[in-house]
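Each remark here refers to the structure printed beneath this line.
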Amino acid sequence: MYSYSIVQWFFFFYFYCFVGWCIESAYVSIKTRQLTNRGFMRGPFLPLYGSGAIMMLVVSMPFQDNIFLVYVAGCVGATILEYVTGVTMEALFKVRYWDYSRNKFNFQGHICLGTSLAWGLLTILMTEVVHVPVERFGLGIPDMVLKGVTYVLSVLIFADFALSFKAAIDLRDVLVKMEQVKSEMVHIQKRLDVIIALANQEVENRRAVLAESMSMAREEWTERMSVHIDDIKAGIEKKMEQMKAGSSAWEESHMDGIHIQEELQNLKTKYAINLADRKRLGRLKDFFQRGLVCANPGMTSVKFREALEELKRRTMGKDEPEDEE
């Protein structure tokens, strides 16, 4: 049984947070051929690894004499921890920092059978191999030194976590605003399409009416050339009245055209403003927000997928120059 003081538990937690960060960052850096500071925090600590290690030690305590039960406890405990952490982070930040949706036998993309089975093996490895020398090392540190180191690490890690948490919340707000701007832009685009379609239809209708009127006028003029001058005079007066009526209708139509032009201009202005806002939101300047995006290139979002992908492209400098115009 593990009988550690609170300070010792914290020290082991920080130790495994650091070791997990080293392993994860080295793996991703080699895979991407680029130095990568992995994780939720900016410092060299991954709390999920520390939590996982402590969880493995705790759940295996009652079964240290039975390796099979240690395996089962590790599978169950780690899977619960992974699921709860994944669901909580997505609920808070609207993004997933890992996603098993493409793996077989996954549940909601937060956990999958293959990973759960691997957690059991890691629990055996942790309790039987890894933690033995780590325990010896931790317990060999003088009590005063251990307390001093642990207290300093606690302050630094807490501050880092608080800033990273705030950055993640701010990043969530950016995604929400980007999605709102996109919805407004789609609404404006649809309204523009409707106005343009109506304007084109109106032009076609006017052309048809004008052509028909000119044809009827020619026919009527030809017929009246042979009648009495009084009839011609009466016809001219009638035409004058029609022209006056037509003039009023034209003026009314002209005013409608002016209103349409004004609405078009307003919609174009709103669209330009929304486009500028979306680009501005996509340029992260905060150190912790940029760090979150760069450190987790594989993170996804079910609700804000398009906005998140745009944010990642801009933050990592993968946008083409013309995209910035």
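The values are calculated or read from the model by the stated rules, or taken from the named source; none is laboratory data. This structure is a prediction, so every number in the text was calculated from the model and none was measured. Neighbour counts are summed over all protein chains in view; Cβ atoms, including those assigned to glycine, are modelled from backbone coordinates with ideal geometry.
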Which pairs have Cβ atoms under 6 Å, sit 6 or more apart or on different chains, and link a residue in region 179-207 that is surrounded by 11 or more Cβ atoms within 10 Å (Cβ to Cβ) to one that is assigned to a helix (DSSP H, G or I) and at pLDDT 65 or above?
-> Glu179/Ala307
Just one of the numbered conditions (1) among the hydrophobic types (A, V, I, L, M, F, W, C); (2) under 17 Å from Leu57 (Cβ atoms); (3) touching a Lys or Arg at 6+ places or on another chain (Cβ under 7 Å) is not true of Phe93; which one?
-> (2)
Quick check: anything in region 47-65 modelled with pLDDT of 90 or more, assigned to a helix (DSSP H, G or I), hydrophobic (A, V, I, L, M, F, W, C) and within 24 Å of the chain's Cα centre (by Cα)?
-> no
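Filter region 78-115 down to the residues that are small (Gly, Ala, Ser) and surrounded by 20 or more Cβ atoms within 10 Å (Cβ to Cβ) and list them by number.
Once the filter is applied, which keeps residues that are small (Gly, Ala, Ser) and surrounded by 20 or more Cβ atoms within 10 Å (Cβ to Cβ), region 78-115 yields Ala78, Gly86.
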